[in-house]
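Scroll down for the structure; my scribbles are underneath it.
The values are calculated or read from the model by the stated rules, or taken from the named source; none is laboratory data. As the structure is a prediction and not an experimental result, all values here were calculated from the model. Here the Cβ positions follow ideal geometry from the backbone for every residue, glycine too, while neighbour counts run over all protein chains shown. Remember, those area values only see protein heavy atoms, side chains included, never the ligands or the DNA or RNA. Shrake-Rupley method; radii C 1.70, N 1.55, O 1.52, S 1.80 Å.
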Amino acid sequence: MTVELSYSDEVTGLVARTEAFVREVVLPVEDANGGDIAVAGSDKIRVELQGEAKSRGIFAPHAPVEYGGLGLDMSDRAPVFEAAGYSLFGPLAVNIAAPDEGNLHLLAHVASQGQKEQFLAPLAHGDQRSAFAMTEPAPGAGSDPSALTTRAEKAPGGWKINGHKWFITGADGAGFFIVMARTSGAPGDRGGATMFLTPADAPGLRVDRHIGTLDKSMIGGHCEVFFDDLFVPDEAVLGAVDEGFAYAQVRLGPARMTHVMRWLGAARRAHDIAVAHVARRRGFGSALGDLGMVQQLVADNEIDIAATRALLVRACWELDQGDAAANATAIAKTFGAEAIGRIVDRSVQMCGGLGVSDDLPLARLSREVRPFRVYDGPSEVHRWALAKRVVGAAKRAAREQAQ
């Protein structure tokens, strides 16, 4: 078996241009605004940064070529997304931020041609943002999507949606929503969900309060959203009726990996800052970086960075082969989310008082990466699902041997 771990000249060139853009343009904006996108100006600064990214030919690297993107597959996205993630605002600047990146991926794979023109095209061009409305307050859908309570009832020419969502990232200012609603069955059933596309200004859709969270870099916040007899025409059903949970997997597996790519960039930035600090800061008769305990922190960061990249490479390769890659993505997401947290935390520790101050970006990086152990499935849920699949396979093998 041939194992190829190098990237093409086109991809390495794109990585270099993305790194330069982040260093020269994006990091100064992030640092000037403390990593808070609302303070920076939200959509105003988004448009400005994206305009510069377009002029440099690095915009929307994941989007289909026919919609102005660069058409990268999952494997080639990894180093590019990591380069963009070096700044908290980098993904937004090159149009690969969540939830837009995952929504674009979903639309590219499931949407009809008409839906692509209406929704995917403006998203790929940066003319609109989007939101993915699935998560609900208890007892509704959260880590267990089968608990879905938002319901769509058939009406003449379409559907009427009623329900309550929350923690909907990017909802404030989104141009359109992908809404997950139950069209058959009852909460707890594994099927019966459907995805719907709707403009954000449709009557019956209301974006309510921003829910305060640790992270501040996600444009449009994390909001409560209410649906009161929201009418959605039949042609706005995304894919097939009652197949929403299956389509969710088209989105969520790759989206978990792109989250790892972006946050790995942020963790690498934290590590670079810490290593530069311990190389020059002196204490106890030597540079801090010459002390064994500090060297262990540096080495453990290097190990976590390398291991996260390796797991990403494996998972992305499986996805590019058309595999669901359920185990590989669960492993990479769980390990990556926890490793990224460890990397940033060690970096804070190496910088001492500076690490927890606003004089370095480490405190805000720590604030931003912590929710990743919850977003896109808590680590505990991924471990449970992984173990369930492994044990289930062992049981099936035992039954086959017994026959």
For a label point 7 angstrom out from the Cα of residue 190 toward its Cβ, which stretches of the stretch 317-332 have the backbone nitrogen within less than 13 Å?
none
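Please state the shape class of the stretch 160-214: rounded when a/c is under 1.5, otherwise prolate if a/b exceeds b/c and oblate if not, all from the C-alpha gyration tensor. Don't jump to the answer; show the numbers that get you there.
Values: a/c = 2.35, a/b = 1.47, b/c = 1.59.
Oblate.
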Once fully extended, how much extra length lies between residue 210 and residue 272, figured as 0.36 nm per residue of separation less the alpha-carbon to alpha-carbon distance?
19.0 nm
Which one of 115, 28, 72 has its Cα pushed farthest toward the positive end of the charge dipole of the stretch 15-162, where Lys and Arg give +1 and Asp and Glu give -1 at the Cβ?
115
Rounded to whole Å, sorted largest first: equivalent-ellipsoid semi-axes of the stretch 231-351, Cα gyration tensor
42, 14, 9
Provide the net charge surrounding residue 385, with neighbours chosen by a C-beta distance below 15 Å and charges set as Lys +1, Arg +1, Asp -1, Glu -1.
+3
Cα centroid separation, the stretch 205-237 to the stretch 350-372 (Å)
30 Å
Which lysines, on any chain, are close to residue 154 with Cα under 22 Å apart, when same-chain ones fewer than 8 places away are left out?
165
Cα-only radius of gyration and Dmax that characterise the stretch 64-110, units Å
10.7, 31
Dipole moment magnitude, nearest 20 debye, the chain about Cα centre, only Lys, Arg, Asp, Glu C-beta charged
980 debye
Note on the chain: alpha-carbon gyration tensor, axes a ≥ b ≥ c; rule is a/c under 1.5 for rounded, else prolate if a/b larger than b/c, else oblate; result prolate
Reach of residue 388 by Cα under 21 Å, taken over lysines that are not fewer than 8 positions away in the same chain:
333
Can you give the FRET efficiency to the nearest 0.05 for residue 144 and residue 242, using r as the Cβ-Cβ distance and R₀ = 22 Å?
0.75
Which value, to two decimals, describes the C-alpha radius of gyration of the stretch 53-137 once divided by 2.2 N^0.38 Å?
1.06
Give the whole-number value, in cubic angstrom per residue, of the convex hull volume spanned by the C-alpha atoms of the stretch 1-145.
156 Å³
With no solvent and one equal point scatterer placed on each C-alpha of the stretch 284-403, evaluate the Debye formula and give log10 I(q)/I(0) for q = 0.10 Å⁻¹, two decimals.
-0.45
Along each of the three principal axes of the Cα atoms of the stretch 263-311, give the extent in whole Å, ordering the values from largest to smallest.
39, 17, 8
Mind ordering 277-286, 183-192, 147-156 by average Cβ neighbours within 10 Å, highest first?
147-156, 183-192, 277-286
List, largest first, the extents of the alpha carbons of the stretch 23-100 along their principal axes, each in whole Å.
34, 24, 21
For n ≥ 4 DSSP H runs only, could you compute -39500 (n - 2.57) per run for the chain, divide by its residues and tell me the 222 nm figure to the nearest 500?
-15500 deg cm²/dmol
Extension reserve of the residue 20-residue 401 stretch, reckoned as 0.36 nm per residue once the Cα distance is removed:
131.4 nm
Rg and Dmax [Cα atoms of the stretch 100-192; Å; Rg one decimal, Dmax integer]:
14.0, 38
Apply the a/c threshold of 1.5 to the C-alpha gyration tensor of the stretch 170-265 and tell me whether it is rounded, prolate or oblate.
oblate
Roughly how many Å² is the accessible area per residue of the chain, as a whole number, for a 1.4 Å probe?
43 Å²
How much length is gained if the chain between residue 48 and residue 391 is pulled fully straight, taking 0.36 nm per residue apart and subtracting their Cα-Cα distance, in nm to one decimal?
118.4 nm
Percent antiparallel among DSSP beta bridges confined to the chain, nearest 5, equals 85 percent
